[in-house]
Every structure is written in C-alpha cells, then in structure tokens.
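**Student:** One structure, pasted below without further comment.
The values are calculated or read from the model by the stated rules, or taken from the named source; none is laboratory data. Note that the coordinates shown come from a computational prediction; the quantities given were computed from them, not determined experimentally. FYI the Cβ positions are ideal-geometry reconstructions off the backbone, even for glycines, and counts take in every protein chain you see.
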Amino acid sequence: MRFVADTDGLTLQVRLTPNASRDVIEAWRAASDGSVHLAVKVRAVPEKGKANAALVALLAKQLGLPKRDVDVIRGATSRLKTVRIAVEGAALQPVAALLEAVPDECSTD
C-alpha cells in the first residue's frame, strides 16, 4: 500500500535524503521489511527542521497544494517520516492520482 486515504486526506511514508544535489521525488520503493515509501531527496541540510521544511515545500509544489496542507506528523529527526496531506472531497482524487503517477521501483509488487 503506497498511501492511506481517508475522508480528510492522505497519509504516506517518505524516506528523505538531505544534502542532495537537487530537490526531487524519485520513486516508490520497498524496504527490506516489505513496507513501501516514497523516496525523496532535498538540497537542504538536516538541521533545525530545514530538510523537513524543504520536503513539505517540494511535496506541496508537486501536488499543487499550499504548504499548510502538508505536514510531517512522525519522524521529524529520522530519515523515515510519516507525512499527512490534508485534502478533502473532490481534491482528494487528483492528489492521489499524482502520487500514483510517481515511478514504481518496488520489487514486491
């Protein structure tokens, strides 16, 4: 399962790599335990929340949402994060479609 959708948004796992050469959403990848996460790289450094802020800004821009609708709800100091995207009603389907369009590099599927 790539993300969990409910009535007021989406929740997904993200593996963040800071100090990258560019900001990019790479692909859906499977971890050794079978869990699936979105691999994301950002140029920001992992100090004082800069990498998390860059993650939020990148996801918001790619999904066409305001930054206030994207939040790191778990894993603020970890590479593996849980991200909540607050979208409701008719806006949910286009955001889910954009996430599904990200390349899939999972070997478990």
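**Student:** Of all residues in the stretch 27-66, how many are β-branched (Val, Ile, Thr), farther than 18 Å from residue 11 by Cβ and surrounded by 15 or more Cβ atoms within 10 Å (Cβ to Cβ)?
**Tutor:** 1
**Student:** Taking into account only those residues within the stretch 1-17 that are out of contact with any Leu (no Cβ under 7 Å at 6 or more places or on another chain) and outside any strand (DSSP E or B), which is surrounded by the most Cβ atoms within 10 Å (Cβ to Cβ)?
**Tutor:** Checking each candidate, the answer is 8.
**Student:** Which of the numbered conditions does residue 73 fail, given that it passes all the others? Conditions: (1) surrounded by fewer than 12 Cβ atoms within 10 Å (Cβ to Cβ); (2) more than 11 Å from residue 5 (Cβ to Cβ); (3) more than 12 Å from the chain's Cα centre (by Cα).
**Tutor:** (3)
**Student:** Can you run down the residue pairs with Cβ atoms below 8 Å, 6 or more apart or on separate chains, where the first is in the stretch 76-102 and over 12 Å from residue 11 (Cα atoms) and at pLDDT below 95 and the partner is exposed (fewer than 13 other Cβ atoms within 10 Å of the Cβ) and not small (Gly, Ala, Ser)?
**Tutor:** 88/7; 88/8
**Student:** Anything in the stretch 36-56 that is closer than 26 Å to residue 100 by Cα and of a type in the set (Lys, Arg)? List them, or say none.
**Tutor:** Answer for the stretch 36-56, where residues must be closer than 26 Å to residue 100 by Cα and of a type in the set (Lys, Arg): 41, 43.
**Student:** Here is a further query. In the stretch 52-93, how many residues are under 20 Å from residue 27 (Cβ atoms), assigned to a helix (DSSP H, G or I) and not aliphatic (A, V, I, L, M)?
**Tutor:** So the count comes out to 2.
**Student:** When you scan the stretch 28-42, do you find a residue that is farther than 18 Å from residue 2 by Cβ, touching a residue at least 24 places away in the same chain (Cβ under 8 Å) and more than 10 Å from the chain's Cα centre (by Cα), even just one?
**Tutor:** Among the residues of the stretch 28-42, at least one is farther than 18 Å from residue 2 by Cβ, touching a residue at least 24 places away in the same chain (Cβ under 8 Å) and more than 10 Å from the chain's Cα centre (by Cα), which makes the answer yes.
**Student:** If you take the residues of the stretch 76-109 that are within 25 Å of residue 19 (Cα to Cα), more than 12 Å from the chain's Cα centre (by Cα) and not hydrophobic (A, V, I, L, M, F, W, C), which of them is surrounded by the fewest Cβ atoms within 10 Å (Cβ to Cβ)?
**Tutor:** 77
**Student:** Would a scan of the stretch 28-46 turn up a residue that is within 17 Å of residue 86 (Cα to Cα) and in a loop (DSSP other than H, G, I, E, B)?
**Tutor:** Within the stretch 28-46 (the criterion being within 17 Å of residue 86 (Cα to Cα) and in a loop (DSSP other than H, G, I, E, B)), the answer is no, since none of the residues qualifies.
Residue-wise test of (1) on the phi < 0 side of the Ramachandran plot; (2) hydroxyl-bearing (Ser, Thr, Tyr).
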site	(1), (2)
21	yes, yes
39	yes, no
44	yes, no
63	yes, no
77	yes, yes
89	no, no
93	yes, no
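**Student:** So residue 24 passes all but one of these: (1) surrounded by fewer than 17 Cβ atoms within 10 Å (Cβ to Cβ); (2) modelled with pLDDT under 95. Which condition number does it fail?
**Tutor:** Evaluating residue 24 over (1) surrounded by fewer than 17 Cβ atoms within 10 Å (Cβ to Cβ); (2) modelled with pLDDT under 95 leaves (2) as the failure.
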